[in-house]
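Reviewing the structure listed below.
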Amino acid sequence: AQSVTQLDSHVSVSEGTPVLLRCNYSSSYSPSLFWYVQHPNKGLQLLLKYTSAATLVKGINGFEAEFKKSETSFHLTKPSAHMSDAAEYFCVVSDNGANNLFFGTGTRLTVIP
Amino acid sequence: ETGVTQTPRHLVMGMTNKKSLKCEQHLGHNAMYWYKQSAKKPLELMFVYNFKEQTENNSVPSRFSPECPNSSHLFLHLHTLQPEDSALYLCASSQPSSAYEQYFGPGTRLTVT
């Protein structure tokens, strides 16, 4: 069975400081992993994806994530937070057989000016 | 408007009402999805349509009835709902071969009174 655990429901950082959003996964297959972002009153947007190529994945808006099989983790990072990064972030694992997505509960990122 | 649109954006209905949610995608995709997003819970996949055929019904109660007349339009018909059905209902679309890269609409905020 596939699932993801987002370890923090809320993360608060100051503008210009690094961002770390944590995600651990469980999968019976070699997983495909994703991060989606949801800004207020907007739909979810794909931020980045890992599909068994390079373990360090770069996404939009300066975000990146590293797939670590030994730790079953796929943490999302950004070197310097911007006010526009304030949103809800979802870690997602794919059921490679059926192409269904399994979402985490989300982490709300607050950026303090 | 481009991408995935949903109407209405907000809906308040009584438990005896019948209403419908509409989703339209302008991306040329052939797969469409309905999700339920409740507070503090992971996004729940409800229904999947591929080329207008329903391929997934994730044990959704029969008071929710989907309809997909063509690859661009998806409806969710609602009747005799319960207060616990209050949630944000998200529509998404993708190419069937790239189901992990889903494009989401802004959602319909449903309140059942």
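The values are calculated or read from the model by the stated rules, or taken from the named source; none is laboratory data. None of the values given here were measured: they were computed from a predicted structure. Quick reminder, even Gly has a Cβ in these numbers, built from the backbone with ideal geometry, and neighbours come from all protein chains shown.
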Counting just the residues of region B:59-101 that are facing chain A (nearest Cβ under 10 Å) and in contact with a Phe, Trp or Tyr (Cβ under 7 Å, 6 or more places away or on another chain), which one comes out modelled with the lowest pLDDT? B:TYR100
Quick one: what pairs do we get from region B:1-25, first residue farther than 15 Å from B:THR113 by Cβ and in contact (Cβ under 8 Å) with a residue 40 or more places away in the chain, second part of a strand (DSSP E or B) and of a type in the set (Asp, Glu), C-beta under 7 Å, 6+ apart or different chains? B:THR5/B:GLU24
Within region B:9-30, does at least one residue satisfy the condition of being touching a strand residue (DSSP E or B) at 6+ places or on another chain (Cβ under 8 Å), closer than 22 Å to A:GLN2 by Cβ and part of a strand (DSSP E or B)? no
Does region B:13-32 include one or more residues that are crowded, with 19+ Cβ neighbours inside 10 Å, facing another protein chain (nearest Cβ under 10 Å) and modelled with pLDDT under 95? yes
In the set A:PHE67, A:PHE74, which member is at pLDDT 95 or above and of a type in the set (Phe, Trp, Tyr)? A:PHE74
Being in a strand (DSSP E or B) and either more than 18 Å from A:LEU101 (Cβ to Cβ) or small (Gly, Ala, Ser) (or both) is the filter here, so list the residues in region B:66-90 that pass it. B:GLU67, B:CYS68, B:PRO69, B:ASN70, B:HIS73, B:PHE75, B:LEU76, B:HIS77, B:LEU78, B:HIS79, B:ALA87
Take region A:82-113 and flag every residue that is among the hydrophobic types (A, V, I, L, M, F, W, C) and assigned to a loop (DSSP other than H, G, I, E, B). A:ALA86, A:ALA98
Can you find a residue in region A:25-34 that is assigned to a strand (DSSP E or B), out of contact with any Cys (no Cβ under 9 Å at 6 or more places or on another chain) and either without any contact (Cβ under 8 Å) to a residue 40 or more places away in the chain or under 22 Å from A:SER80 (Cβ atoms) (or both)? no
Count of residues meeting criterion [away from chain A (no Cβ under 14 Å) and of a type in the set (S, T, N, Q)] in region B:102-113: 2
Output for Cβ contacts, cut-off 6 Å, separation at least six or different chains, first residue of a type in the set (Ser, Thr, Tyr) in region B:37-64, second in a strand (DSSP E or B), reads B:SER38/B:ALA87; B:TYR49/B:MET32; B:TYR49/B:CYS68; B:THR55/B:VAL48
Search region A:47-81 for residues being among the β-branched types (Val, Ile, Thr) and in a strand (DSSP E or B), and hand back the single one that is farthest from the other protein chains (Cβ to nearest Cβ). A:THR77
For region A:23-61, the count of residues that are charged (D, E, K, R) and either touching a Phe, Trp or Tyr at 6+ places or on another chain (Cβ under 9 Å) or modelled with pLDDT under 90 (or both) equals 2
Any hit, region A:37-44, residues being of a type in the set (A, V, I, L, M, F, W, C), at the interface with chain B (Cβ under 10 Å from one of its Cβ atoms) and part of a loop (DSSP other than H, G, I, E, B): no
Being outside any loop (DSSP other than H, G, I, E, B) and crowded, with 16+ Cβ neighbours inside 10 Å is the filter here, so list the residues in region B:45-63 that pass it. B:LEU45, B:MET46, B:PHE47, B:VAL48, B:TYR49, B:ASN50, B:GLU56
